[in-house]
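The values are calculated or read from the model by the stated rules, or taken from the named source; none is laboratory data. Everything numeric in this text was worked out from a predicted model, so none of it was measured. Methodologically, a virtual Cβ is constructed for each residue, glycine included, from the backbone with ideal geometry; neighbour enumeration extends over all protein chains shown.
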């Protein structure tokens, strides 16, 4: 908690027409409000065209939780889940 962090990498995808990469925190415990905020001038999401896309998310965590980078299919909206792929960073996800 506290401070500014970066998650940098390269995403390669060739199957989704309209994909978006998102950085988030699955917050633990009860609590209202945001769990993460982008550093001024940055974003927690990035459009991902087919091929290779570099990303650099700069953020400040606001609550403890499991950090994840998730690839969404924007054209296949499902209110329950439109995740195409995801990766938890740090701890092993249950």
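The table that follows gives values for the structure above.
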{"quantity": "Members of the range 35-54 that are exposed (fewer than 14 other Cβ atoms within 10 Å of the Cβ) and more than 13 Å from residue 23 (Cα to Cα)", "calculated": "40, 41, 49, 50, 51, 52, 54"}
{"quantity": "Within the range 1-65, strands (runs of 3 or more DSSP E) holding 3 or more residues that are in contact with a strand residue (DSSP E or B) (Cβ under 9 Å, 6 or more places away or on another chain) and within 21 Å of residue 85 (Cα to Cα)", "calculated": "5-13, 19-27, 45-48, 51-61"}
{"quantity": "Residue pairs meeting the criteria (Cβ under 7 Å; at least 6 apart or on separate chains; first touching a residue at least 24 places away in the same chain (Cβ under 8 Å), in the range 1-21; second surrounded by 12 or more Cβ atoms within 10 Å (Cβ to Cβ) and assigned to a loop (DSSP other than H, G, I, E, B))", "calculated": "1/64; 4/39; 13/50; 14/50; 18/74; 19/74; 20/74"}
{"quantity": "Test result for residue 65, at pLDDT below 90 and farther than 15 Å from residue 89 by Cα", "calculated": "no"}
{"quantity": "Matching residues in the range 55-75 - criterion: being surrounded by fewer than 13 Cβ atoms within 10 Å (Cβ to Cβ) and within 14 Å of residue 19 (Cα to Cα)", "calculated": "75"}
